[in-house]
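Below is one structure, written out as C-alpha cells; the observations come after it.
The values are calculated or read from the model by the stated rules, or taken from the named source; none is laboratory data. Please read all numbers here as calculations on a predicted model, not as lab measurements. Positions of Cβ are generated from backbone atoms using ideal geometry, with glycine treated the same way; all protein chains shown enter the neighbour counts. Heads up: the accessible areas ignore ligands, DNA and RNA and are worked out on the full protein's heavy atoms, side chains in. Shrake-Rupley method; radii C 1.70, N 1.55, O 1.52, S 1.80 Å.
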Amino acid sequence: MTNNRKIANSVFNVLRKEGLIPVDVQFGNGYFIFEHGEDSVVHFHIKGVKNWKFGMWIDTSIDNAVQVFAQNEMWIDKFKPSRSIFLENISKATLKRVARNKGSAKYDYIMVVEMIQHIKNNPHLAAVQDYYCGMYIREPLAKMLWDCKISRLKDISYDVKKYLTHELIECKRNALAVKILKMKNPEIIKDAHIDDCNSDGIVCYPRYEICIVFNRMAEDDEEQANYMNKAMKPVYKIFSRRNTCIRYFVGKESRDCEWYE
C-alpha cells in the first residue's frame, strides 16, 4: 500500500466515525495529462450526499500536503482544488502529528469533517455557495436557489438541443450522405467514413471529420477533379456542415495526397 493511500485511508477512517461514509472511491495518479504520483489523486462520494463529488489531492513535498475539496456535480467544470469553493487543507506537520498519535486525527481533521457536514446538512445553501463561488450570500437564499435551478434547466435545455442537432440529426445526415455516396459511385469511391475527433476527454472543433478517399481515375489532376465533383454534386447538400469538415484524398488516405475543398 502506498503512503498516499495510507494518508487517504486515515482521513476516511475519521469520516466514517463521524457518520460520513466514503463510497465510489477511486485512486488515480494525476489530473488530465499531469502526473502527480501514484495514488495522489482520490475521487469519492459520501453516502447520503446527493449531487456532490469529493476529491483529495496528496503531495507530501509541499506544506499543504492534503487538499480535500468538493463540487456540486451539476456544474463541475474543472474538478480540482483551485476551482473549488469548498476546500480544506491538511498540513505536512499535521500528518506527522497524526502519524505519531492516531488518536489526534479526529481533532486534526475537524475542518474536513465540518466542511462535509455542512454540505450534507445544508445542501441548498451549499449548492448556492458553490454556484456563486462565495461563502457569503448577499441576496435572499430562496431567490439565489431559484436562479440556480433556472440556470441549470437552461443548461439541460442547451445540452438536449445540442444532442438533438449535433449528435442525432447532423450525424444521421452525414451517415446517410456517406452511404449514398458509396452506393452510387463504387467505381470512384475507394472509402468514405466519419471520424469522431473527441476522445479521452479532449473536445475538438469541428468534432466530425468526413474522410472521402477517391480512386485515381485520371493522370491529369483537372480531369481527376471533374470525376470527383461529378460524384460529390448529388450528395453534397445532404452533408451537414455544422461541427463537421470534409477532407478529400486520392489513391490512399494520407496527408501527402489530400485534396482540400
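Kindly indicate whether Lys154 is open to solvent by 50 Å² or more (accessible area, probe 1.4 Å) and either closer than 18 Å to Leu15 by Cβ or not assigned by the TED database to the domain that holds Glu18 (or both). It would help to see each step written out before you state the result.
Values: open to solvent by 50 Å² or more (accessible area, probe 1.4 Å): yes; either closer than 18 Å to Leu15 by Cβ or not assigned by the TED database to the domain that holds Glu18 (or both): yes.
Considered against the rule, which asks whether it is open to solvent by 50 Å² or more (accessible area, probe 1.4 Å) and either closer than 18 Å to Leu15 by Cβ or not assigned by the TED database to the domain that holds Glu18 (or both), Lys154 comes out as yes.
Would you please name the residue that is surrounded by the fewest Cβ atoms within 10 Å (Cβ to Cβ), looking only at residues in the range 191-224 that are free of Cβ contacts under 8 Å to residues at least 12 places away in the same chain and not in a loop (DSSP other than H, G, I, E, B)?
Initial filter on the range 191-224 (free of Cβ contacts under 8 Å to residues at least 12 places away in the same chain): 198-200, 202-204, 218-223.
So of that shortlist, the ones also not in a loop (DSSP other than H, G, I, E, B) come out as 199, 202, 221-223.
Values: Ser199: 9, Ile202: 9, Asp221: 10, Glu222: 7, Glu223: 11.
By that ranking, first place goes to Glu222.
Checking the structure you have, find out if any residue of the range 121-128 is in the same structural domain as Asn72 (by the TED database), over 30 Å from Met228 (Cα atoms), of a type in the set (Gly, Ala, Ser) and open to solvent by less than 30 Å² (accessible area, probe 1.4 Å).
Keep residues of the range 121-128 that are in the same structural domain as Asn72 (by the TED database), which gives 121-128.
Filter again for over 30 Å from Met228 (Cα atoms), leaving 121-128.
When the remaining residues are screened for being of a type in the set (Gly, Ala, Ser), the result is 126-127.
Next cut, open to solvent by less than 30 Å² (accessible area, probe 1.4 Å) only: 126-127.
Checking the range 121-128: at least one residue is in the same structural domain as Asn72 (by the TED database), over 30 Å from Met228 (Cα atoms), of a type in the set (Gly, Ala, Ser) and open to solvent by less than 30 Å² (accessible area, probe 1.4 Å).
Among (1) over 25 Å from Val14 (Cα atoms); (2) open to solvent by 20 Å² or more (accessible area, probe 1.4 Å); (3) not aliphatic (A, V, I, L, M), there is one condition Cys148 misses while meeting the rest; what is its number?
Against the list (1) over 25 Å from Val14 (Cα atoms); (2) open to solvent by 20 Å² or more (accessible area, probe 1.4 Å); (3) not aliphatic (A, V, I, L, M), Cys148 comes up short only on (2).
Is it fair to say Trp75 is exposed (fewer than 15 other Cβ atoms within 10 Å of the Cβ) and touching a residue at least 40 places away in the same chain (Cβ under 8 Å)?
Working: exposed (fewer than 15 other Cβ atoms within 10 Å of the Cβ): yes; touching a residue at least 40 places away in the same chain (Cβ under 8 Å): yes.
Considered against the rule, which asks whether it is exposed (fewer than 15 other Cβ atoms within 10 Å of the Cβ) and touching a residue at least 40 places away in the same chain (Cβ under 8 Å), Trp75 comes out as yes.
Those residues that are open to solvent by 60 Å² or more (accessible area, probe 1.4 Å) and in a helix (DSSP H, G or I), I need them from the range 168-190; list them, please. Talk me through it step by step, then tell me what you get.
Taking the range 168-190 first, the residues open to solvent by 60 Å² or more (accessible area, probe 1.4 Å) are 168-169, 172-173, 176, 179, 182-184, 186-187, 190.
Of everything in the range 168-190, those that are open to solvent by 60 Å² or more (accessible area, probe 1.4 Å) and in a helix (DSSP H, G or I) turn out to be Leu168, Ile169, Lys172, Arg173, Leu176, Lys179, Lys182, Met183, Lys184.
Is there a residue being within 24 Å of Ser199 (Cα to Cα), within 20 Å of the chain's Cα centre (by Cα) and surrounded by 15 or more Cβ atoms within 10 Å (Cβ to Cβ) anywhere in the range 54-62?
Let us first name the residues in the range 54-62 that are within 24 Å of Ser199 (Cα to Cα), namely 55.
This time we only want the ones that are within 20 Å of the chain's Cα centre (by Cα), so: 55.
Add one more test, that the residue is surrounded by 15 or more Cβ atoms within 10 Å (Cβ to Cβ), and what stays is 55.
There is at least one residue in the range 54-62 that is within 24 Å of Ser199 (Cα to Cα), within 20 Å of the chain's Cα centre (by Cα) and surrounded by 15 or more Cβ atoms within 10 Å (Cβ to Cβ).
Within the range 63-72, which residues are open to solvent by 60 Å² or more (accessible area, probe 1.4 Å) and within 14 Å of Ile7 (Cα to Cα)?
Within the range 63-72, the subset open to solvent by 60 Å² or more (accessible area, probe 1.4 Å) is 63-64.
Residue satisfying the conditions is Asn64 alone.
Among the residues of the range 235-244, what is the count of those that are in contact (Cβ under 8 Å) with a residue 24 or more places away in the chain and either assigned to a helix (DSSP H, G or I) or open to solvent by 90 Å² or more (accessible area, probe 1.4 Å) (or both)?
The qualifying residues number 1.
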